Amino acid sequence: MPALVLIAEDDDEISAILDAYLVREGFRTVQARDGRVALDLHLALKPDLVLLDVSMPHLDGWETLAELRRRGNTPAIMITALDKDIDRLQGLRIGADDYVGKPFNPIEVVARAKAVLRRSGLATAAGVLRVGDLTIDLDAYQARLGTGAAALPLALTLTEFRILAHMARSPSRVFTRSELVDACLPGSDALDRTVDSHLSKLRKKLEQAGAPGLLPGVRGVGYRLSA
């Protein structure tokens, strides 16, 4: 089961960006806009990791973190504009596992989340996805086609890998171009024809590896990964 990340952040735009990047990397997510809701969700869902903003309504991040530590050792990363040494020290003193200042690179936040979960001995994502003879290792960013020693590695770009992995989580489902942009190219200005270009190159690589027809287009809708 993929790790569950609780995003406690009252800025909807920041929360959405974190959610998109985490989901793209295989995590499950749940969001809270204030500290009280975050604690309620923590109690009900028992997430594997909490991303915790400091400046939240009702209960701020420090109070929320203190309560999390009274309850147990759920890993927590503070994400805040309060980036002075004294703020970092306070977060670490209360029990934060890491501290990220705003503005941040969401890719770095995901990397830090994976590192914290590794130190905690928890799974960071779905691990390995399999669709027929296609195997996708999410942690190693590797995809192979075939079985056993005959499996061939696919030389994919990062975007091609993200698209393939995203579609492999729901094989046979039809994905629209806009869905693939949002999931695999968040924050970019990519157009539908950009997705078509990536899918065309990805399909050609799959065909060259011996899997024609694995990535068909659905006229007027988008693309699917055939199971």
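The values are calculated or read from the model by the stated rules, or taken from the named source; none is laboratory data. Model, not experiment: these values are computed from the prediction. When we count neighbours, we look across all protein chains shown, and the Cβ atoms used for this are built from the backbone with ideal geometry, even at glycine. Note: accessible area is taken over every heavy atom of the protein model, side chains too, but ligands, DNA and RNA are not part of it. Shrake-Rupley method; radii C 1.70, N 1.55, O 1.52, S 1.80 Å.
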From the option list Arg93, Arg88, single residue qualifying as in a helix (DSSP H, G or I), over 12 Å from Leu51 (Cα atoms) and either at pLDDT 70 or above or among the hydrophobic types (A, V, I, L, M, F, W, C) (or both) is Arg93
Suppose the filter is outside the structural domain of Ala8 (by the TED database) and at pLDDT below 90; does Gly72 pass it?
no
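Taking Gly35, is it under 15 Å from Asp53 (Cβ atoms) and either open to solvent by 30 Å² or more (accessible area, probe 1.4 Å) or modelled with pLDDT under 95 (or both)? Give the steps one after another, and end with the answer.
Working: under 15 Å from Asp53 (Cβ atoms): yes; either open to solvent by 30 Å² or more (accessible area, probe 1.4 Å) or modelled with pLDDT under 95 (or both): yes.
Yes, satisfied.
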Are there any pairs with C-beta distances below 7 angstrom linking a residue in region 12-29 that is open to solvent by 50 Å² or more (accessible area, probe 1.4 Å) to a residue that is polar (S, T, N, Q), with the two at least 6 apart or on different chains, and if so which?
Val23/Thr29
Just to be sure I understand the filter: pairs with C-beta atoms under 7 Å, separated by 6 or more residues or on different chains, first member in region 143-169 and among the charged types (D, E, K, R), second member part of a helix (DSSP H, G or I) and open to solvent by 20 Å² or more (accessible area, probe 1.4 Å). Which pairs pass?
Glu160/His198; Glu160/Lys201
